Amino acid sequence: MTKVVGVRFRQVGKIYFFAPGQYNVEVGQHVIVETANGLEFGKTSTGVKLVDDDEVVSPLKPVIRIATDEDRKKVEENKRKEKEAFEICNQKIQKHNLEMNLTNAEYSFDCSKVIFYF
């Protein structure tokens, strides 16, 4: 059995397991976790629990910390940047007459990446 905490990155997204480490995380808390794409901000959908080892994708990434007020401000700043990036990308699509329907723009927590969905 492996000790995990379940985290979602979107309101209705998939639940991913992370190693809680030293944190006694409760349902509904915001956390900063390490992912394959870098640090991300998520919300816990399960508290700390034990699951069968075959339910865990190895290596299990850790919870870095419980989110701070500064982290929440960063997320709000990222949302503003996403709107700006969305508009710029949409202008480029129109300028180049691309047959694309842009649906969303999303920055990673640390702003190292922006992902455009179309």
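Assorted remarks:
- Cross-link partners of LYS92 among lysines, defined as those whose alpha carbon lies under 22 angstrom from its own and excluding same-chain residues fewer than eight positions apart: LYS79, LYS81, LYS83, LYS113.
- In terms of packing, defined here as the mean over residues of other Cβ atoms within 10 angstrom, the peptides 109-117, 26-34, 39-47 line up highest first as 39-47, 26-34, 109-117.
- Heavy-atom surface of the chain, accessible at 1.4 Å and reported per residue (Å²): 68 Å²
- For the peptides 13-21, 53-61, 76-84, the ranking by mean Cβ contacts within 10 Å, running from highest to lowest, is 13-21, 76-84, 53-61.
- Where only DSSP H runs of four or more residues are counted, the chain gives -8000 deg cm²/dmol as its mean residue ellipticity at 222 nm, each run worth -39500 (n - 2.57).
- Only Lys, Arg (+1) and Asp, Glu (-1) charged, at Cβ; the chain dipole about Cα centre in debye: 300 debye
- Amide N proximity, the range 4-40 versus ARG80 label position 7 Å along Cα-to-Cβ, cut-off under 16 Å: none
- Here's the picture: charge each Lys and Arg Cβ at +1 and each Asp and Glu Cβ at -1 in the chain, and of GLY28, GLN94, ILE66 the one pushed furthest to the positive end of that dipole is GLN94.
- Protein accessible area in the chain, 1.4 Å probe - carbon and sulfur %: 50 percent
- Inter-centroid distance (Cα atoms) of the range 87-118 relative to the range 31-56, Å: 28 Å
- Across the chain, the relative contact order, built from alpha-carbon pairs under 8 Å that are at least six residues apart, equals 24 percent.
- For the chain, the residue among THR44, GLY6, TYR107 whose Cα projects farthest onto the positive side of the dipole built from Cβ charges is TYR107.
The values are calculated or read from the model by the stated rules, or taken from the named source; none is laboratory data. Since this is a predicted model, take the numbers as computed values, not measurements. Positions of Cβ are backbone-derived with ideal geometry, glycine not excepted, and every protein chain shown enters the neighbour counts. The accessibility values were calculated without ligands, DNA or RNA, using every heavy atom of the protein model including side chains. Shrake-Rupley method; radii C 1.70, N 1.55, O 1.52, S 1.80 Å.
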